[in-house]
Amino acid sequence: MIVDVHAHTPTHRDAVRADERRVYENWRTDRPVVTTNSWAEYDEAMSAADVSIVFNIAVDDPVAAVGLPYPPERCNDATAEFVAAAPDRRIGFLSVNPLDAGAIEETERSRDLGLKGVKLGPNYQNFDPLGEPALAYYAYCEQHGLPILFHQGASPIRHAPLRYTYPLVTDEIALRFPELRIVMAHMGHPWGLETVVTIRKHPHVYADVSSIYLRPWVLYQSLISAVEWGATGKLLLGSDFPIANTAEAIAGLWTVNDMLDGTKLPRVPDEVIEGIVHADALGALGLELPS
């Protein structure tokens, strides 16, 4: 089974009208990214995955905060509706800001809607990931078996603090909450080595590889670090739709050794790539599809 653990909820249930089509210029260096997508366009883009994990991020102004145009008041409802339309192929994660007084209540409401985990972006949501409100929220998630996927590493959004997404922050979280299942998005790019040493030491901390192939040297450094530190079994496939799709992400991983011709640099073994593509992400995160 191929599980794509990192995708954003499409913005439109039906076909996107021409006057509503939007693009974002700064996520990729090779092309702009279309940020308005229909449910059908999502299914086509993600067809290489048997299952995908999908979410929005709870922010007041999504376009300014994360570059995606979705109604903030329907952050979790939109994801729940999308997942309910194909529960055998989609798993939904909710999002809240731990600073909000109603974060736990919204989490419980979203769980009732069928969402199974949490997506947090401390840099986008402007909360200290080691502050007391955040720690209290992680305790709730640990108690109720809710995995958290954290945005980790760089972002083109100017106001988003990089210090909130440095991978060693996740080490601090995992030390406090050893049973909390965590995914570190993007292998913490460009801090792949820091991500690797974190996932290596914590049994329930993983990293996804979404978007790292867009920067070939970061891809190579990150994966060869995982090989050298014996942490390749903690890596999960992710595409970061709409930035990329599942097939593109898989193909990108297979380019990792292309730059090595004529050098004595060590190669990332083929079996490592195969292991990422076919990782048991659902088992790792304690998730199940509806029977």
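The values are calculated or read from the model by the stated rules, or taken from the named source; none is laboratory data. Remember, predicted model here, so these are calculated numbers, not experimental data. Cβ placement follows ideal geometry from the backbone for every residue including glycine, while neighbour counts extend to all protein chains displayed. We work out accessible area using only protein heavy atoms, side chains counted, and drop any ligands, DNA or RNA first. Shrake-Rupley method; radii C 1.70, N 1.55, O 1.52, S 1.80 Å.
Using only the Cα atoms, what convex hull volume per residue in Å³ does the chain have?
Values: hull volume 34.9 nm³, N = 291.
Once divided by residue count, the hull of the chain is 120 Å³.
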*What is the chain's relative contact order, in percent, from Cα pairs under 8 angstrom and six or more apart in sequence?*
19 percent
_Under 5 Å between amide hydrogens, which residues at least 5 positions from Val183 or on another chain qualify, with H placed 1.01 Å from N in the peptide plane?_
Ile148, Leu149, Phe150, Tyr206
*In nm, to one decimal, how far is the modelled label at Asp261 from the one at Ala136, with both set 7 Å along Cα→Cβ?*
5.9 nm
*asked:* Need the full-extension length gain, Arg22 to Ala40, defined as separation in residues times 0.36 nm minus the C-alpha distance. One decimal, nm.
replied: 4.8 nm
*Tell me, what HN-Hα J-couplings in whole Hz come from the Karplus equation 6.51 cos²θ - 1.76 cosθ + 1.60 at θ = phi - 60° for each residue of the stretch 261-266, using x for Gly and Pro?*
3, x, 10, 9, 5, x
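Helix-only estimate, please: 222 nm mean residue ellipticity of the chain, summing -39500 (n - 2.57) across DSSP H runs of length 4 or more and dividing by its residues, to the nearest 500.
-10000 deg cm²/dmol
How big is the antiparallel share of DSSP beta bridges in the chain, given as a percent to the nearest 5? Provide the component values of the computation, followed by the final result.
Details: 2 of 24 bridges.
The antiparallel proportion sits near 10 percent.
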*Starting from the Cα of Ile157, step 7 Å along the direction of its Cβ; do the same at Glu172; then give the gap between the two resulting points in nm.*
2.0 nm
*By what distance, in whole Å, do the Cα atoms of the stretch 6-65 stretch along each of the three principal axes, largest value first?*
32, 26, 26
*When the solvent-accessible surface of protein heavy atoms is calculated with a 1.4 angstrom probe, in what order do Arg109, Arg90 fall, highest first?*
Arg109, Arg90
*With both partners inside the stretch 1-126, how many of the DSSP beta bridges are antiparallel, as a percent to the nearest 5?*
15 percent
*If you count, for each residue, the other Cβ atoms within 10 Å and average over each peptide, how do 139-145, 161-167 line up from highest to lowest?*
161-167, 139-145
*Work out how much length Ile104 to Glu271 would gain on full extension: take 0.36 nm times their residue separation and subtract the Cα-Cα distance, in nm to one decimal.*
56.0 nm
*For the stretch 204-291, taking Cα atoms only, what is the radius of gyration to one decimal and the Dmax to the nearest whole Å?*
13.5, 51
*Calculate the radius of gyration of the Cα atoms of the stretch 21-178 to one decimal place, then report Dmax, the largest Cα-Cα distance, as a whole number, both in Å.*
15.7, 44
*Averaged over every viewing direction, what's the projected area of the C-alpha convex hull for the stretch 141-291? Give it in nm², one decimal, please.*
9.9 nm²
*Listed residues Trp191, Trp39, Trp229, most fluctuating in the chain (Gaussian network, C-alpha, under 10 Å)*: Trp229
